[in-house]
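Structure, as structure tokens:
The values are calculated or read from the model by the stated rules, or taken from the named source; none is laboratory data. These figures come from a predicted structure and were not determined experimentally. Counting neighbours? That spans all protein chains shown, and the Cβs are built from the backbone with ideal geometry, glycine included. Accessible surface areas use protein heavy atoms only, side chains included; no ligands, DNA or RNA. Shrake-Rupley method; radii C 1.70, N 1.55, O 1.52, S 1.80 Å.
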Amino acid sequence: PAMDPAPLFAPSLLPYLLFLRWIQRSGVLPNLAVWGFRLTLLFVFMTIAAAVLALRCCQAELVDVDALHGGAEAFLTIANAVLVIGLWREDQQRVNNS
């Protein structure tokens, strides 16, 4: 039988929150890239909300309700885009200042 990963979710938040705190304080990444990592956390919460909605409204798993699943995944796409744009802009500034 497959192991249910749900109990691991809450404990996994602590390392990610510590990572977010470190990445912000360290200043190693541009602020927009840090926002990309923050938005990844928003994606996680939106996915949980969409999963609950799928179960309550559609009596189905999130992966079986395309509109909710796609909507939740859109938050990951936005987070990744913000992260990449932040890193790209930083790279462009380095090239232009060289």
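Per residue of the chain, what 222 nm ellipticity follows from adding -39500 (n - 2.57) for every DSSP H run with n ≥ 4, rounded to the nearest 500? Provide the component values of the computation, followed by the final result.
Values: 3 runs with 78 residues, N = 98.
Per the formula, -28500 deg cm²/dmol.
What's the FRET efficiency of Q93 with L53 using the Cβ-Cβ distance as r and R₀ = 35 Å, to the nearest 0.05?
Values: r = 41 Å, r/R0 = 1.18.
Computed FRET efficiency for Q93 and L53: 0.25.
With charges only on Cβ, +1 for K and R and -1 for D and E, what is the dipole size of the chain about its Cα centre, in debye, rounded to 20?
Numbers: 6 positive and 7 negative charges, 111 e Å.
Around 540 debye, computed over the chain.
Just by accessible area at a 1.4 angstrom probe, what is the order of I85, I23 from largest to smallest? All intermediate terms of the calculation are to be shown ahead of the outcome.
On the way: I85 80, I23 10 Å².
Solvent-accessible surface, decreasing: I85, I23.
Work from the charge dipole of the chain (Cβ charges, +1 for Lys and Arg, -1 for Asp and Glu, about the Cα centre) and give the residue of I48, L14, L62 farthest towards its positive end.
Checking the options against the dipole of the chain, the answer is L14.
Report which label in (1) 1.11; (2) 1.34; (3) 0.99 holds the value of Rg/Rh (Cα atoms, Kirkwood Rh) derived from the coordinates of this structure.
(1)
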